[in-house]
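Report on one structure; see the data block that follows.
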Amino acid sequence: QPKGYSEDEIALISAIASQAAIAIENARLYQRSERQALQLGTLNRIGRTITSWLDPDQVPTVIMEQVTHLLNVEEGSLLLLDSETDEMVFTYTTGPVGQKLLGQRLRLDSGLAGYVYSSGQSVMVNDVQSDTRFDDSTDQTTGYTTRSLLAVPLRGVGGVPVSYTHLDVYKRQS
(Lines give C-alpha, C1' and ligand atoms only; values in the text may rest on other atoms or scores of the structure.)
Protein backbone atom coordinates (compact mmCIF):
# COMPACT_ATOMS: atom_id res chain seq x y z
CA GLN A 1 0.00 0.00 0.00
CA PRO A 2 1.65 3.33 -1.10
CA LYS A 3 2.11 5.88 1.62
CA GLY A 4 0.42 9.27 1.10
CA TYR A 5 2.25 12.50 1.70
CA SER A 6 1.55 14.54 4.77
CA GLU A 7 0.54 18.21 4.62
CA ASP A 8 4.01 19.18 5.89
CA GLU A 9 5.75 17.14 3.16
CA ILE A 10 3.57 18.69 0.46
CA ALA A 11 4.28 22.17 1.84
CA LEU A 12 8.03 21.45 1.88
CA ILE A 13 8.05 20.14 -1.70
CA SER A 14 5.99 23.15 -2.84
CA ALA A 15 8.46 25.53 -1.15
CA ILE A 16 11.42 23.78 -2.81
CA ALA A 17 9.68 23.93 -6.22
CA SER A 18 9.01 27.65 -5.77
CA GLN A 19 12.65 28.31 -4.90
CA ALA A 20 13.81 26.25 -7.88
CA ALA A 21 11.52 28.22 -10.20
CA ILE A 22 12.91 31.50 -8.84
CA ALA A 23 16.49 30.26 -9.32
CA ILE A 24 15.78 29.20 -12.92
CA GLU A 25 14.15 32.55 -13.73
CA ASN A 26 17.09 34.40 -12.16
CA ALA A 27 19.52 32.38 -14.31
CA ARG A 28 17.51 33.28 -17.45
CA LEU A 29 17.47 36.95 -16.49
CA TYR A 30 21.22 36.86 -15.88
CA GLN A 31 21.87 35.30 -19.30
CA ARG A 32 19.64 37.87 -20.97
CA SER A 33 21.36 40.75 -19.19
CA GLU A 34 24.77 39.36 -20.21
CA ARG A 35 23.61 39.18 -23.85
CA GLN A 36 22.21 42.71 -23.68
CA ALA A 37 25.45 44.00 -22.15
CA LEU A 38 27.40 42.46 -25.03
CA GLN A 39 25.02 44.00 -27.57
CA LEU A 40 25.17 47.42 -25.92
CA GLY A 41 28.96 47.22 -25.80
CA THR A 42 29.05 46.48 -29.52
CA LEU A 43 26.64 49.33 -30.28
CA ASN A 44 28.82 51.61 -28.16
CA ARG A 45 31.90 50.59 -30.19
CA ILE A 46 29.98 51.27 -33.40
CA GLY A 47 29.03 54.72 -32.13
CA ARG A 48 32.62 55.50 -31.15
CA THR A 49 33.80 54.26 -34.54
CA ILE A 50 31.43 56.56 -36.39
CA THR A 51 32.66 59.61 -34.50
CA SER A 52 36.37 58.76 -34.35
CA TRP A 53 37.43 57.53 -37.79
CA LEU A 54 39.12 60.08 -39.96
CA ASP A 55 38.63 58.03 -43.10
CA PRO A 56 34.87 57.98 -43.88
CA ASP A 57 35.35 55.03 -46.27
CA GLN A 58 36.43 52.85 -43.32
CA VAL A 59 33.36 53.60 -41.16
CA PRO A 60 30.91 51.33 -43.04
CA THR A 61 33.45 48.49 -43.09
CA VAL A 62 33.96 48.65 -39.34
CA ILE A 63 30.21 48.96 -38.72
CA MET A 64 29.47 45.92 -40.91
CA GLU A 65 32.15 43.91 -39.09
CA GLN A 66 30.72 44.90 -35.70
CA VAL A 67 27.12 44.15 -36.70
CA THR A 68 28.14 40.80 -38.17
CA HIS A 69 29.87 39.97 -34.89
CA LEU A 70 26.98 41.29 -32.78
CA LEU A 71 24.39 39.19 -34.61
CA ASN A 72 26.76 36.22 -34.94
CA VAL A 73 26.07 35.79 -38.64
CA GLU A 74 28.12 34.25 -41.44
CA GLU A 75 27.90 36.98 -44.07
CA GLY A 76 26.93 40.61 -44.27
CA SER A 77 26.79 43.15 -47.05
CA LEU A 78 25.94 46.79 -47.56
CA LEU A 79 24.54 47.81 -50.91
CA LEU A 80 24.66 51.46 -51.91
CA LEU A 81 22.51 53.11 -54.54
CA ASP A 82 24.25 54.18 -57.71
CA SER A 83 21.94 57.01 -58.72
CA GLU A 84 23.49 57.28 -62.18
CA THR A 85 22.54 53.73 -63.13
CA ASP A 86 19.65 53.18 -60.68
CA GLU A 87 21.31 50.02 -59.40
CA MET A 88 22.34 48.78 -55.97
CA VAL A 89 26.04 48.00 -55.66
CA PHE A 90 27.65 45.62 -53.16
CA THR A 91 29.99 48.15 -51.58
CA TYR A 92 30.93 46.68 -48.20
CA THR A 93 30.89 43.00 -47.24
CA THR A 94 31.92 40.70 -44.43
CA GLY A 95 32.46 36.97 -44.30
CA PRO A 96 34.39 34.57 -46.50
CA VAL A 97 32.12 34.96 -49.55
CA GLY A 98 31.74 38.73 -49.35
CA GLN A 99 34.82 39.56 -51.42
CA LYS A 100 33.24 37.83 -54.43
CA LEU A 101 30.27 40.20 -54.24
CA LEU A 102 32.12 43.49 -54.05
CA GLY A 103 31.20 45.65 -57.03
CA GLN A 104 28.37 43.43 -58.23
CA ARG A 105 25.18 45.25 -59.12
CA LEU A 106 21.50 44.51 -58.64
CA ARG A 107 18.53 46.14 -60.30
CA LEU A 108 16.29 48.14 -57.98
CA ASP A 109 13.50 45.61 -58.54
CA SER A 110 15.73 42.56 -57.96
CA GLY A 111 14.85 40.08 -55.21
CA LEU A 112 14.56 40.87 -51.54
CA ALA A 113 17.03 43.74 -51.89
CA GLY A 114 14.73 45.37 -54.42
CA TYR A 115 11.72 44.73 -52.21
CA VAL A 116 13.41 46.36 -49.22
CA TYR A 117 14.57 49.27 -51.36
CA SER A 118 11.16 49.95 -52.89
CA SER A 119 9.05 49.32 -49.79
CA GLY A 120 11.41 50.93 -47.30
CA GLN A 121 10.59 48.10 -44.89
CA SER A 122 12.90 45.67 -43.13
CA VAL A 123 12.55 41.99 -43.95
CA MET A 124 13.55 38.88 -42.02
CA VAL A 125 13.16 35.60 -43.91
CA ASN A 126 14.09 32.33 -42.20
CA ASP A 127 14.06 30.25 -45.41
CA VAL A 128 14.91 32.41 -48.42
CA GLN A 129 14.91 29.45 -50.78
CA SER A 130 11.13 29.19 -50.39
CA ASP A 131 10.49 32.96 -50.62
CA THR A 132 9.35 34.00 -54.10
CA ARG A 133 10.98 37.42 -53.69
CA PHE A 134 14.46 35.89 -53.29
CA ASP A 135 16.79 36.24 -56.28
CA ASP A 136 19.51 33.58 -56.11
CA SER A 137 21.78 35.19 -58.72
CA THR A 138 24.38 36.15 -56.10
CA ASP A 139 24.29 32.61 -54.70
CA GLN A 140 24.92 31.26 -58.21
CA THR A 141 27.82 33.68 -58.69
CA THR A 142 29.50 32.86 -55.38
CA GLY A 143 28.53 29.22 -54.80
CA TYR A 144 27.22 30.23 -51.37
CA THR A 145 23.72 29.14 -50.36
CA THR A 146 21.85 31.81 -48.46
CA ARG A 147 19.59 30.18 -45.90
CA SER A 148 18.09 33.09 -44.05
CA LEU A 149 18.24 36.82 -44.43
CA LEU A 150 17.72 40.04 -42.53
CA ALA A 151 17.54 43.12 -44.73
CA VAL A 152 17.25 46.68 -43.48
CA PRO A 153 16.87 49.84 -45.58
CA LEU A 154 19.13 52.74 -44.65
CA ARG A 155 17.88 56.22 -45.40
CA GLY A 156 19.84 59.35 -46.06
CA VAL A 157 18.93 63.00 -45.74
CA GLY A 158 15.29 63.64 -46.54
CA GLY A 159 14.37 59.96 -46.32
CA VAL A 160 15.87 59.11 -49.70
CA PRO A 161 16.89 55.44 -49.76
CA VAL A 162 20.63 55.20 -50.12
CA SER A 163 21.44 51.64 -49.25
CA TYR A 164 20.39 48.20 -48.18
CA THR A 165 22.01 45.98 -45.59
CA HIS A 166 21.85 42.21 -45.97
CA LEU A 167 22.90 39.74 -43.33
CA ASP A 168 22.73 35.98 -43.67
CA VAL A 169 21.27 35.42 -40.25
CA TYR A 170 21.98 31.70 -40.13
CA LYS A 171 23.94 31.46 -36.89
CA ARG A 172 27.56 30.39 -36.95
CA GLN A 173 28.30 27.13 -35.21
CA SER A 174 29.83 27.87 -31.79
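The values are calculated or read from the model by the stated rules, or taken from the named source; none is laboratory data. This is a predicted model, so every value here is computed, not measured. Every residue, glycine among them, receives a Cβ derived from its backbone with ideal geometry; neighbour counts consider all protein chains shown. To get the accessible areas, we keep the full protein, side chains included, count just its heavy atoms, and leave off ligands, DNA and RNA. Shrake-Rupley method; radii C 1.70, N 1.55, O 1.52, S 1.80 Å.
Every residue, every condition in (1) modelled with pLDDT of 90 or more; (2) out of contact with any Pro (no Cβ under 7 Å at 6 or more places or on another chain); (3) under 15 Å from Glu74 (Cα atoms), yes or no:
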| residue | (1), (2), (3) |
| --- | --- |
| Val123 | no, yes, no |
| Phe134 | yes, yes, no |
| Pro153 | no, no, no |
| Gly159 | no, yes, no |
| Val162 | no, yes, no |
| His166 | no, yes, yes |
| Gln173 | no, yes, yes |
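Filtering the stretch 61-90 down to residues that are small (Gly, Ala, Ser) and not in a loop (DSSP other than H, G, I, E, B), which residue is nearest to Ala113 (Cα to Cα)? Top of the filtered list is Ser77.
Selection over the stretch 106-135 of residues that are without any contact (Cβ under 8 Å) to a residue 12 or more places away in the chain and either of a type in the set (D, E, K, R) or at positive phi (or both) gives a count of 1. Across the stretch 103-126, the number of residues qualifying as in a loop (DSSP other than H, G, I, E, B) and open to solvent by less than 70 Å² (accessible area, probe 1.4 Å) comes to 5. Of the numbered criteria (1) open to solvent by less than 80 Å² (accessible area, probe 1.4 Å); (2) at pLDDT below 85, the one Glu65 fails is (1).
All of Ser33, Ser83 fail the test of being open to solvent by 30 Å² or more (accessible area, probe 1.4 Å) and over 28 Å from Arg155 (Cα atoms), apart from Ser33. For Gly103, state whether it is farther than 30 Å from Leu38 by Cα, of a type outside the set (S, T, N, Q) and modelled with pLDDT under 90. Criteria not met by Gly103.
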